[in-house]
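For reference, the structure is listed below as structure tokens.
The values are calculated or read from the model by the stated rules, or taken from the named source; none is laboratory data. As the structure is a prediction and not an experimental result, all values here were calculated from the model. Don't worry about glycine lacking a Cβ; one is built from the backbone with ideal geometry, like all the others, and counts go over all protein chains shown.
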Amino acid sequence: MGKPYSVLVVDDHPLLRRGICELVSSDEDFTLFGEAGNGLDALTTLQKDEPDIVLLDLNMKGMSGLDTLNALRQEGITARIVILTVSDAKQDVIRLLRAGADGYLLKDTEPDLLLEQLKNAMLGHRVVSDEVEAYMYELKNASADDEWITSLTPRELQILQELAEGKSNRVISEDLHISEGTVKVHVKNLLRKANAKSRTEMAVRYLNH
């Protein structure tokens, strides 16, 4: 992923969305991949191709930012997903970062700093606004029993969800259109990450987390 990095802006506020698009386009390190006014439009936009970064609003009508994030990860989208929101509520920050967001930035961030943070996200850093930095400590100190879940890939999480419904490897392979052998490999990795002795133990811990 070389520069310029392509960015998809997802925000249900037309005026703000246009401003963010213009800001992104003004920096030679970025190109505008596209824009979407809601989560469903974002999913449709990403069916054929994906950008380097998805800049995602949290509080949108219809699909929330969290719903959109989960849907994008379930679709196997590997782009960096950075939340851009007005909410500095602790539960929002922790929930979104746990769900696999690569950053959590506030909308009152200075434009130059926002662009800088997006570049940092592309370097593999998890980027958060200073105002919510303190919550990262709580995220790191979340119960160890939940930590293995946050370390899962989108595909592993999909398989874990299917396991939690009591489905066999064969049924999972049919549901996800992958071979049974691939499912077995993922299950083995899941058991190792969960440090669990059985599928049942792992499913119960997942459902109770």
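With crowded, with 19+ Cβ neighbours inside 10 Å, at pLDDT 90 or above and either on the phi < 0 side of the Ramachandran plot or of a type outside the set (A, V, I, L, M, F, W, C) (or both) as the only criterion, which of Leu106, Leu84 stands out? Walk me through how you get there before you give the answer.
Details: Leu106 fails: crowded, with 19+ Cβ neighbours inside 10 Å.
The conditions single out Leu84.
Starting from residues that are crowded, with 16+ Cβ neighbours inside 10 Å and of a type in the set (S, T, N, Q), keep the ones in the range 65-80 and report whichever is modelled with the highest pLDDT. Checking each candidate, the answer is Thr68. Checked against the criteria, Asn70 does not count as free of Cβ contacts under 8 Å to residues at least 60 places away in the same chain and either assigned by TED's automatic domain parsing to the domain that holds Arg155 or assigned to a loop (DSSP other than H, G, I, E, B) (or both).
The test for being without any contact (Cβ under 8 Å) to a residue 12 or more places away in the chain, of a type in the set (A, V, I, L, M) and out of contact with any helix residue (DSSP H, G or I) (no Cβ under 9 Å at 6 or more places or on another chain) holds for Val185. In summary, Asp57 fulfils each of the numbered conditions (1) buried (at least 20 other Cβ atoms within 10 Å of the Cβ); (2) touching a Gly at 6+ places or on another chain (Cβ under 8 Å); (3) within 27 Å of Leu176 (Cβ to Cβ) with the single exception of condition (3). For the range 116-130, the set of residues classified as over 19 Å from the mean Cα position of the chain (by Cα) and at pLDDT 95 or above consists of Glu116 only. Cβ separations smaller than 7 Å between residues 6+ apart or across chains give the following pairs from the range 93-121 residues that are in contact (Cβ under 8 Å) with a residue 40 or more places away in the chain to residues that are of a type in the set (Val, Ile, Thr) and not in a strand (DSSP E or B): Val93/Val132; Arg98/Thr150; Lys107/Val86.
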